[in-house]
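Where a number appears in this text, it was derived from the coordinates with a stated rule and is not lab data. The structure displayed is predicted, hence computed values, not measured ones. Because the Cβ atoms are built from the backbone with ideal geometry, glycine has one as well, and the counts that use them run over all protein chains shown.
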Amino acid sequence: MQGRVIAIANQKGGVGKTTTAVNLSACMAAAGRRVLLIDLDPQGNATSGLGIDKNTCSKTVYEVLLGALPIRDVVTDTGVDRLHLIPANKNLVGALVELVDLEGREYRLRDALQAVREEYDSVYIDCPPALNLLTLNALAASDGVLVTLQCEYYALEGLSELLNTIQLVHDTLNPRLELNGVVFTMYQHTNLANQVMDNVRAHLGDKVYETVIPRNVTLAEAPSFGQPVIYYDLKSSGAKAYLALTREVVARG
């Protein structure tokens with residue numbers, strides 16, 4: 001049975017997307033699932049957040065997308081049981097240009113992933129903070145999208161644009177694609193944050209996860225130690241929030 005592929009996306013940077021990708025993947029692995037995390041962001045933050053030096057990686061998702069290496073040769077151990085990684089680094093910027101002239105350019109990741117997909121219970125893709133050809137590859141390869149949303153005014157505009165993109169990809173490239181859910185990140189208790197949350201919940205209903213990820217110093221520190229937050233400080237509010245989100249994701253199927 002093939003594992004579900006979930007793109008973790010938001011076209012805006014700095015909204016907890018990579019933090020969610022790394023920590024949800026690690027929590028799923030800790031729960032006994034076989035997990036593959038694909039870093040599809042040229043910044044390579046998911047790679048470094050798992051303690052892997054992105055600058056010395058010679059086998060990355062860039063080589064996979066261009067067909068230079070089979071995906072199996074790029075799968076990397078992370079030191080976290082049952083969690084594997086397809087790393088990324090700044091070389092991935094070149095793929096945006098080099099993919100343009102390739103046949104089936106939107107399906108390069110989907111097609112490569114078929115070789116290993118059955119080996120995992122869950123596959124997560126950390127998308128770049130842009131609606132570009134890399135993000136299209138992620139959406140074309142995925143069964144669902146998990147949107148991370150910071151509780152601020154401009155997030156609502158970005159959410160509308162992203163939902164339109166998901167619908168467009170569903171209609172033209174990938175009829176399996178659906179919105180899995182929206183998770184609020186970097187939450188601080190303010191009137192504006194609560195108003196944004198109320199608006200999104202009113203619009204999307206049960207597509208919004210009950211779990212809210214707080215703004216938390218430990219979540220910010222953990223990547224600099226190359227560790228998911230549950231291994232860096234299990235008792236922190238950030239760790240507890242991602243464990244709660246994991247339980248909710250599992251419960252929803």
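What number, in percent, do you get for the relative contact order of the chain if the mean sequence gap of Cα pairs under 8 Å and at least 6 apart is divided by its residue count?
Values: 503 pairs, mean separation 65.5, N = 253.
The value is 26 percent.
Which order results if VAL61, VAL212 are arranged by neighbouring Cβ count within 10 Å, fewest first? Don't skip to the end; give the middle numbers.
On the way: VAL61 32, VAL212 17.
Going from least to most buried by this count: VAL212, VAL61.
Only helices at least 15 Å long along their axis, Cα-based, and averaging 0.0 or more on Kyte-Doolittle count here, so list those DSSP H runs from the chain.
On the way: long enough: 17-30 (20 Å, 0.66); 153-172 (30 Å, 0.18); 191-204 (20 Å, -0.26); 237-252 (22 Å, 0.22).
Helices meeting the span and hydropathy rule in the chain are 17-30, 153-172, 237-252.
Can you say what percent of the DSSP beta bridges in region 4-252, counting only those with both residues inside, are antiparallel? Round to 5. Don't skip to the end; give the middle numbers.
Working: 2 of 30 bridges.
So the antiparallel bridges in region 4-252 amount to around 5 percent.
Taking the Cβ-Cβ separation of LYS59 and ASP101 as r and a Förster radius of 30 Å, what is the calculated FRET efficiency to the nearest 0.05?
The calculated FRET efficiency here is 0.80.
Place +1 on the Cβ of every Lys and Arg and -1 on the Cβ of every Asp and Glu in region 177-250, take the dipole about the Cα centre, and give the residue among LEU243, ASN216, ALA193 whose Cα lies farthest towards its positive end.
Among LEU243, ASN216, ALA193, the one farthest towards the positive end of the dipole of region 177-250 is ASN216.
Suppose R0 equals 25 Å. What FRET efficiency, 1/(1 + (r/R0)^6) with r the Cβ-Cβ distance, do LEU156 and ASP206 give to the nearest 0.05? Write down the numbers at each step before the final one.
Details: r = 19 Å, r/R0 = 0.75.
That pair, LEU156 with ASP206, gives E of 0.85.
For region 162-253, with equal point scatterers placed on the C-alpha atoms only and solvent neglected, what are the log10 I(q)/I(0) values from the Debye formula at q = 0.16, 0.21, 0.22, 0.23 1/Å, to two decimals?
-0.81, -1.07, -1.10, -1.13
Run the dipole for the chain about the Cα centre, Lys and Arg Cβ at +1, Asp and Glu Cβ at -1, nothing else charged, and hand back the magnitude in debye, nearest 20.
Numbers: 22 positive and 28 negative charges, 98 e Å.
In total the dipole reaches around 480 debye.
Could you tell me which of rounded, prolate or oblate describes the chain, using a ≥ b ≥ c as the square roots of the eigenvalues of the alpha-carbon gyration tensor, with rounded for a/c under 1.5 and, failing that, prolate when a/b is larger than b/c and oblate otherwise?
Numbers: a/c = 1.60, a/b = 1.22, b/c = 1.31.
Because a/c hits 1.5 or more and a/b fails to exceed b/c, the chain counts as oblate.
For the chain, what is the calculated [θ] at 222 nm in deg cm²/dmol (nearest 500), taking -39500 (n - 2.57) for each run of four or more DSSP H residues and dividing by its residue count? Please list the in-between numbers first.
On the way: 11 runs with 105 residues, N = 253.
Result for the chain: -12000 deg cm²/dmol, rounded to the nearest 500.
Just list whichever of LYS17/LYS240; LYS12/LYS54; LYS12/LYS240; LYS90/LYS235; LYS17/LYS207; LYS54/LYS207 have alpha carbons separated by over 28 Å in the model shown. Can you show the working numbers first?
Working: LYS17/LYS240 17 Å; LYS12/LYS54 22 Å; LYS12/LYS240 25 Å; LYS90/LYS235 34 Å; LYS17/LYS207 17 Å; LYS54/LYS207 34 Å.
Among LYS17/LYS240; LYS12/LYS54; LYS12/LYS240; LYS90/LYS235; LYS17/LYS207; LYS54/LYS207, the Cα-Cα distance tops 28 Å for LYS90/LYS235; LYS54/LYS207.
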